[in-house]
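S.K.: Got a structure for you, written out below as structure tokens; questions coming shortly.
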Amino acid sequence: MDIDMSNTQIVLDFIAAWNRMDWDAVVSAFSEDVLYHNIPMEPLKGKAAVTEFITTGMDLDAVDWQLLAIAENGNKVLTERVDNFYLVGGKAVSMPVMGTFEIVNGQITAWRDYFDLATFTSQMAH
């Protein structure tokens, strides 16, 4: 990843990789010691743990993260999103999310998403 890219552009590229379901590009955005925390859940530490979570979590047919707002302050990028996941079999999950990304040397070193877990679980149950 080009370390001369703006931190905002790094996050925009990361979101675009999610929307393409390009897991190699998603994972390559992380530092080796990345911290990933879906705030209602336990945090994950390290690229291997985050990669396993991302690539084995859901049987996805498509992903569509809608970016509503983005702001950069130093090495932090804040996003307001609606993350849409379309699962094989036709089920869809849509979640409002606030995300914080920390970027060091062109890589995501921390990623925290804040969302309502009940919104996710209720949609998965139907």
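S.K.: If LEU60 satisfies every condition in (1) over 13 Å from ILE108 (Cα atoms); (2) touching an Asp or Glu at 6+ places or on another chain (Cβ under 6 Å) but one, which is the exception?
M.R.: If we test LEU60 against (1) over 13 Å from ILE108 (Cα atoms); (2) touching an Asp or Glu at 6+ places or on another chain (Cβ under 6 Å), just (2) comes out false.
Quick grid of which residues meet (1) at pLDDT 95 or above; (2) touching a helix residue (DSSP H, G or I) at 6+ places or on another chain (Cβ under 8 Å):
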{"position": "MET1", "(1), (2)": "no, yes"}
{"position": "VAL27", "(1), (2)": "yes, yes"}
{"position": "ASP33", "(1), (2)": "yes, yes"}
{"position": "TYR36", "(1), (2)": "yes, yes"}
{"position": "ILE39", "(1), (2)": "no, no"}
{"position": "LYS47", "(1), (2)": "yes, yes"}
{"position": "THR56", "(1), (2)": "no, no"}
{"position": "GLN66", "(1), (2)": "yes, no"}
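S.K.: Taking segment 1-21, which residues are surrounded by fewer than 14 Cβ atoms within 10 Å (Cβ to Cβ) and within 21 Å of LEU60 (Cα to Cα)?
M.R.: Listed by number, the residues that qualify are ARG20, MET21.
The values are calculated or read from the model by the stated rules, or taken from the named source; none is laboratory data. Because the structure is a prediction, the values reported are computed rather than measured. For neighbour counting, all protein chains shown are included, and Cβ atoms are generated from backbone atoms with ideal geometry for every residue, glycine included.
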